[in-house]
Structure formats: C-alpha cells, structure tokens
Amino acid sequence: MKKKLFFILFLFLLVLAFGTVGYIVVEEMSFIDAFYMTVITIATVGFKEVKELDEDGKIFTILLIFCGFGIFTYTLTTGAKIIIEGELKEVYKKRRMKKMIKELTGHYIICGYGRMGSIIAKELKVNNIKFVIIEKNKSNIPEEEFLYVEGDATYDETLKAAGVERAKGLITVLPSDAENLYVVLSARELNPELFIVARAIEKEAEAKLKRAGADRVVSPYLIGGLRIAHTVLRPTVVDFLEFATRSEHIEIQIEEIEVSSNSTLIGKTIAQSGIGKDIGVIIVGIKRADGKMIFNPTSQTTIMEGDTLIVLGQTDKLNLLESIAKGSS
C-alpha cells in the first residue's frame, strides 16, 4: 500500500513539474503562472488561460492534456481506492475479531498490553492458550494477529466485549493499583468463577486486591528483588529454575498435571504408579484437592482423585503422564 501511494504521488508530482517547466520554457511564463496553467489543464476545470497561447504553447497544452489528465485521473482513483480499501479492511478486521471473541469460551483476558502484558501474551501463545487483550492506548495495540478489544478495562462494557462472562481467567497488569483494583472488582462481579491474577505495584495494594476478589496477587518488584538476591546467593539454582520454566526451553519443563476421576493413577503410591521408574518424570510436589501442599512426596505417598501433580521432566514424557492422569491412556 505504501509503495502504491509513493508511486502515484511520484507520478502526480512528475506531471506537475513537467507542465510547469514546459510552460516556463515554451511560453516564457512566470513560475506561478506556469504552475497555475498546469493545474487547470490536467484538472480540465476550464478556467481562462493566463495569456493567449502561441502555436507551440497550444501543441504543448494538447500534449499535457493527453498525458497529464490520464495520470491525474489514475492518481485520484487509485488513491481513493487505497484509502477505501484500507478502511474497509480495518472495518472487516474488527468485525471478524469481534465475531471470533464472541465464539470464545474458557479463554483468558489480559488487561494491559505494556511490557509485562506482551510477555504474558507471548507465553500464552506458545502454550496454545486462548486469550483476548484489552488495551485502551491505541499505540500499544498489538500488531500481531492477537485478538484484542480497544477500550478501558475498568469499564464493565469493555470486559463484556472481551467475553469475561465466558472466560476462564483474567490477568490485569494495568499501570496503577487503582486501575487493577477496579478491574478485579468488576470482573469478580461479572464472573464469580473467574480465576483472577492481579499485579500490585505498592505493597499495601496486595491485601486490597485480594479482598476485592483476586485469587493471586503478583508484585513484580518483590519478585525481581528476590530473583536478583538469589542470583547472587544461589546462581546455579536460579539457572536451573529459569531453564525449567521458560517456554523456549523444550528439553525439560516443570508442569502441573491434574489427576481426573477416571485415571488409573488413583489409589496407587508413587512407587506403584511407575511415574519415576517407567515414565522418567520426577514428582516435585502434590497439591491435594483441599489445597494442602505436599513437597517432595515419598515413594509411598498415595495419589488421589483431584490431586495436582507438580512434575519435572522432558516434554514428551510429561505429555504421556498427562494422558494417563486424564485417563485417556
């Protein structure tokens, strides 16, 4: 589109320059008279000539009409077509996106597409998680083919447009604690079952966000400070955790796998399940259905229905364990 616009602009300026220089040379006109004659000639408006043209001037005018009018018409029609097509594409894109969002269910909503929001979106995309972005700053709207809603996430209408009533979870990383608090309050009221994660900038905001309905509150400054401290104190541990938790490291991952009601793992101990011996996956912890957490379970720990296994291993082996835990293998 840009190339087309530059090309038609070049052609138009070329005709203007050709006509202006031609009248200056052929009819010895001043620059403004020559430019005026060129414009009224290629536009065919029929205004009076600035002076009586001699034979050479008339021949040049005929030539300019044949060449210039065609180019002038082409630039106008092509320019209008590009503008209209661009607007139509934008309208069609928004309508298509709105339709796709309406069809979504069990997705996540990311409120705010700044530095943190873009990282979250990238991780969710890598893990094939459906999500919608809400961003009110037009310059921050993602250029990638992400589903997004342009608007203020603190308004109920904007959250509804993102499908909050059908969503599985919401992540709010807006610039201020007050905005995040508004989002949490609105989202919790619109969808009581929603899993909400909120960012807290000030320490005092953590308790308020939880009271407002956030399931998890994350403080980037606290996490960043601890990360830096552990990098100095335990650099090898930090390297391992980063290696195991980042999505681009496909060799080994830490995952959580839920044990469904029809799984063959239910009632078996870790030793009997063969998770470590046969599959080659390490169980780091088990979260019971009642929320109780068991760290570093022994080989005699029994796996129960509704357990969430926190496991470490290669991705293909984790996929195998997940299919067993779901009862599909």
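Here is how the numbers come out for the structure above:
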| quantity | calculated |
| --- | --- |
| The range 49-65, subset in contact with a Ser or Thr (Cβ under 8 Å, 6 or more places away or on another chain) and free of Cβ contacts under 8 Å to residues at least 40 places away in the same chain, residue nearest to residue 76 (Cα to Cα) | 65 |
| Filter result for residue 37 (buried (at least 16 other Cβ atoms within 10 Å of the Cβ), farther than 19 Å from residue 66 by Cα and either of a type in the set (A, V, I, L, M, F, W, C) or in contact with a strand residue (DSSP E or B) (Cβ under 7 Å, 6 or more places away or on another chain) (or both)) | no |
| Lone unmet requirement of (1) under 49 Å from the mean Cα position of the chain (by Cα); (2) surrounded by 17 or more Cβ atoms within 10 Å (Cβ to Cβ) for residue 3 | (2) |
| In the range 30-48, the residues that are touching a Gly at 6+ places or on another chain (Cβ under 9 Å) and either at pLDDT 85 or above or over 17 Å from residue 75 (Cα atoms) (or both) | 34, 35, 37 |
| Number of the condition not met by residue 179 [criteria: (1) loosely packed, with under 13 Cβ neighbours inside 10 Å; (2) under 28 Å from residue 125 (Cβ atoms); (3) at pLDDT 85 or above; (4) of a type outside the set (A, V, I, L, M, F, W, C)] | (1) |
| Matching residues, the range 272-310, being under 37 Å from the mean Cα position of the chain (by Cα) and assigned to a helix (DSSP H, G or I) | 279 |
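The values are calculated or read from the model by the stated rules, or taken from the named source; none is laboratory data. Because the structure is predicted, anything quoted here is derived from the model rather than measured. Virtual Cβ from ideal backbone geometry, glycine too; neighbours counted across all protein chains shown.
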